[in-house]
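The structure appears right after this line, and notes come after that.
The values are calculated or read from the model by the stated rules, or taken from the named source; none is laboratory data. Since this is a predicted model, take the numbers as computed values, not measurements. Glycine also receives a Cβ, built like all others from the backbone with ideal geometry; neighbour counts cover every protein chain displayed.
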Amino acid sequence: MNHRGGSSGNSKAGHSLYALLGRRSARDGDEGAFLEMLGRSQRSIFQICLYFTDRQPDSIRDLYQEIVCTLWEAWPRFRGESSSDTWVHRIALNVAVSEIRSHARQPRFVPLEDWMYDTVAEEVDKAPPDYFRIMGGLDPDERALIYLRLNRHSVRDIAETFSITEAAVKQRLYRIRKKIDSLKQQEYDEE
């Protein structure tokens, strides 16, 4: 992904959110608005990182960094045609799915706050047995749909996030439920 400008290669080393903000804030003057939006969306972004990684702190940090940098680069193009929540989910899920597909995990740094580590423990503790194993059996796009639905997003919002019809969302959710049932049955049969 070459969304940080500059080189045409895939080098991500040396880029931090603070470097990006410092480089662009004088030109764009919208750092405050971005940081306010990021503050409102931070927990959702972190949950996406939890769903789309192996839940190791380095993996979570790397994906979080990638999502935030992508959001910052896209921020000047946010026109408010959808809610900022929908916009953030669309970008964050696209980045997460793309990262899984590319397996291009190179170290990047955005410091995680202490509450984020507590959230990992909370999310893992409240998840049903084998939840993450079953979610790991789903394709990245399927995980993204389930993530949004489990977080009480409407079919309409999900359709907007994925740029598909509401009927397509319902059909995909139905197929995912069948796949989850099959994964659960496999688990039962193995016992």
If we only count helices (runs of 4 or more DSSP H) wholly inside segment 81-143, which ones have 3 or more residues that are closer than 15 Å to residue 49 by Cα and either at pLDDT 90 or above or assigned by TED's automatic domain parsing to the domain that holds residue 63 (or both)? 84-102, 114-126
Going through segment 144-158 one residue at a time, which ones are part of a helix (DSSP H, G or I) and of a type in the set (D, E, K, R)? 149, 156, 157
Of the residues that make up segment 47-54, is at least one β-branched (Val, Ile, Thr) and at pLDDT below 90? yes
Taking segment 132-191 and keeping only residues that are surrounded by fewer than 13 Cβ atoms within 10 Å (Cβ to Cβ) and among the β-branched types (Val, Ile, Thr), one is left with 165
